[in-house]
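Peer 1: Handing you this structure, nothing more for now.
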Amino acid sequence: MSAIDWEGAFCGEGNNCFRLGTDAEGNSCIAVAGDEAHVLTDSREALAQMIRDIKAGKTDHLLQQPDKRLADARVPPYRRGHGFPVTVPVRLR
């Protein structure tokens, strides 16, 4: 693998930082800052498409709180935003 030209780290407040880079072979690279020995590598076109998708909001659901994502996964898509169906216990005599 050739040397990677890394951009500055992209950091969230109190979170891990990610680094993006490219190499001379035309690959794009993503790694956690400080752990650049473990690199995810793909084409520059794949990196460009990922950036476009992120800008378009296609990953916004990943920013929701984990309990909200789990609740949304349990509700059928046609019911989302309408709450859970109400069930009333019935006592049979």
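Peer 1: Going 7 Å from the Cα of A9 along its beta-carbon direction, which residues of the range 33-47 have the amide nitrogen within less than 20 Å of the resulting point?
Peer 2: 33-41
Peer 1: Can you work out the Karplus-derived ³J(HN,Hα) for every residue in the range 17-25? Use 6.51 cos²θ - 1.76 cosθ + 1.60 with θ = phi - 60°, whole Hz, and x for glycine or proline.
Peer 2: So the Karplus estimates, Gly and Pro as x, are 9, 10, 10, 10, x, 9, 10, 5, 8 Hz.
Peer 1: Please list, in chain and number order, the residues 5+ apart from C17 or on another chain whose amide H is under 5 Å from its amide H, with Hs placed from the backbone.
Peer 2: When sequence neighbours closer than 5 places are left aside, the close amide H contacts are A33.
Peer 1: So, one more: Could the peptides 37-45, 17-25 be put in order, highest first, of the mean number of other beta-carbon atoms found within 10 Å of their residues?
Peer 2: 17-25, 37-45
Peer 1: Out of residues 5 or more away from S28 or on other chains, whose amide H comes under 5 Å of its own, with H placed 1.01 Å from N in the peptide plane?
Peer 2: The answer is D42, S43, R44.
Peer 1: Short version: ³J(HN,Hα) in whole Hz for each residue of the range 40-54, in order, from phi by Karplus 6.51 cos²θ - 1.76 cosθ + 1.60 (θ = phi - 60°), x for Gly and Pro, what are they?
Peer 2: Computed from phi, the couplings for the range 40-54 are 8, 10, 8, 6, 4, 4, 5, 5, 4, 5, 4, 5, 4, 5, 5 Hz.
Peer 1: Right, here's the next one. For N27, what charge total do you get from the other residues with a beta carbon under 10 Å from its beta carbon, if Lys and Arg give +1 and Asp and Glu give -1? List each step's numbers first, then the result.
Peer 2: On the way: positive: R44; negative: D23, E25, D42.
Once all neighbours under 10 Å are counted, the net charge is -2.
Read-outs throughout are calculated quantities, based only on the coordinates presented, and are distinct from any laboratory measurement. All of these numbers come straight from a predicted model, not from anything done at the bench. Cβ coordinates were reconstructed from backbone atoms using ideal geometry, including for glycine residues, and neighbour counts include every protein chain displayed.
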